[in-house]
Amino acid sequence: MRIGVMGGTFDPIHLGHLRAAEEIYWAFELDRIIFVPAARPPHKDHEIEASPLQRYEMASLAAISVPYFSVSPIELNRPGCSYSVETVREFRKLYGEESAIYFIMGVDAFQEIDTWKDAKELLSLAQIIVAARPGWRLDEVERSMTPAQRQLLGEPRCKYLKISEITSQIARRRYEPRLVLLVEMVSLDISSSEIRQLVKEGRSIRYLVTDTVATYVAKHRLYHPACKQADSQR
Ligand code: ATP
Ligand code: MG
């Protein structure tokens, strides 16, 4: 089985996440994509507004209409901080050694990967796919890595690909540990922080999230300043 795993805070999940996953699903001939909302991301806890369960529910609503998308509660069920390396270890056990795991992240996330727990191990457990994101340059990722970062990550090799040029042969090439695929694709200039800000200002978030997520945000009065405290206690 060929599985894409996309971790994130998803506060809330938006069309930028879904489009990146969709592009990668088709280009890499995957069998499924699993979104994994982080319950307690170590670097971001103070900024998160919706509860882990609410973020999981929104991701589930966004993924439900796509047969090859699913959402895993694995990080919600694990106590303590949410570390991607632990999730990938568990998926490896669950799906067996013959399965290929593609860990998907945006270029902004990849640029901080040296601060992640056991980043070097993560790079050898899964094939890393770095998705383009407006505002960040994929073609500068390799050059901007410092010697210390390279060493910490186990001297990764980066390969720059345009999604339209990924053939079946490239997509199914044997997994190479510490190979990082930097993939240029259609990327949408959408962020969860911008969506939270729009809601705070009472503005529309239609066409930035699925309608189901927009309805959920409205129904639970998420991201409204007055509701922040009450929601975070849930
Ligand atoms: P926030 O603004 O709260 O940080 P976000 O939009 O960056 O939210 P995250 O949940 O932090 O969303 O991101 C989860 C993963 O999805 C990260 O790897 C991130 O780089 C990637 N990602 C987020 N938005 C996009 C986008 N528009 N295009 C491609 N990748 C994205
Ligand atoms: Mg982010």
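Considering segment 1-101, the qualifying strands (runs of 3 or more DSSP E), each wholly inside and each with 2 or more residues that are more than 13 Å from ligand 1 (Cβ to nearest atom) and in contact with a helix residue (DSSP H, G or I) (Cβ under 7 Å, 6 or more places away or on another chain), run over 69-71. Checking the stated criteria, R89 turns out not to satisfy the condition of being among the basic types (K, R), touching a residue at least 40 places away in the same chain (Cβ under 8 Å) and open to solvent by 20 Å² or more (accessible area, probe 1.4 Å).
Q169 fulfils the conditions (1) of a type outside the set (K, R); (2) touching a Gly at 6+ places or on another chain (Cβ under 7 Å); (3) open to solvent by 70 Å² or more (accessible area, probe 1.4 Å) except for a single criterion, (2).
Could you list, in sequence order, the residues of segment 182-191 that are part of a strand (DSSP E or B) and either near ligand 1 (Cβ under 7 Å from one of its atoms) or under 15 Å from the mean Cα position of the chain (by Cα) (or both)? Of everything in segment 182-191, those that are part of a strand (DSSP E or B) and either near ligand 1 (Cβ under 7 Å from one of its atoms) or under 15 Å from the mean Cα position of the chain (by Cα) (or both) turn out to be L182, V183.
Being surrounded by fewer than 15 Cβ atoms within 10 Å (Cβ to Cβ), of a type outside the set (D, E, K, R), touching a helix residue (DSSP H, G or I) at 6+ places or on another chain (Cβ under 9 Å) and closer than 28 Å to A100 by Cβ is the requirement here; does V186 meet it? Before you say what the answer is, go through the steps one by one.
Details: surrounded by fewer than 15 Cβ atoms within 10 Å (Cβ to Cβ): yes; of a type outside the set (D, E, K, R): yes; touching a helix residue (DSSP H, G or I) at 6+ places or on another chain (Cβ under 9 Å): yes; closer than 28 Å to A100 by Cβ: yes.
Against the criterion (surrounded by fewer than 15 Cβ atoms within 10 Å (Cβ to Cβ), of a type outside the set (D, E, K, R), touching a helix residue (DSSP H, G or I) at 6+ places or on another chain (Cβ under 9 Å) and closer than 28 Å to A100 by Cβ), V186 qualifies.
Taking the options E194, E201, E155, name whichever one is of a type outside the set (S, T, N, Q), without any contact (Cβ under 8 Å) to a residue 60 or more places away in the chain and within 16 Å of ligand 2 (Cβ to nearest atom).
On the way: E201 fails: within 16 Å of ligand 2 (Cβ to nearest atom); E155 fails: within 16 Å of ligand 2 (Cβ to nearest atom).
Residue meeting the stated conditions: E194.
In segment 110-152, which residue that is of a type in the set (A, V, I, L, M), within 16 Å of ligand 1 (Cβ to nearest atom) and not in a helix (DSSP H, G or I) is surrounded by the fewest Cβ atoms within 10 Å (Cβ to Cβ)? This residue is V141. Taking the conditions (1) farther than 30 Å from Y223 by Cα; (2) surrounded by fewer than 19 Cβ atoms within 10 Å (Cβ to Cβ); (3) within 19 Å of the chain's Cα centre (by Cα) in turn, E194 satisfies each one other than (1).
The values are calculated or read from the model by the stated rules, or taken from the named source; none is laboratory data. Note that the structure is a prediction, hence the values are computed from the model and not measured. Note that each Cβ is placed from the backbone with ideal geometry, even for glycine, and that neighbours are counted across all protein chains shown. Surface areas here come from the heavy atoms of the whole protein model, side chains and all, with no ligands, DNA or RNA. Shrake-Rupley method; radii C 1.70, N 1.55, O 1.52, S 1.80 Å.
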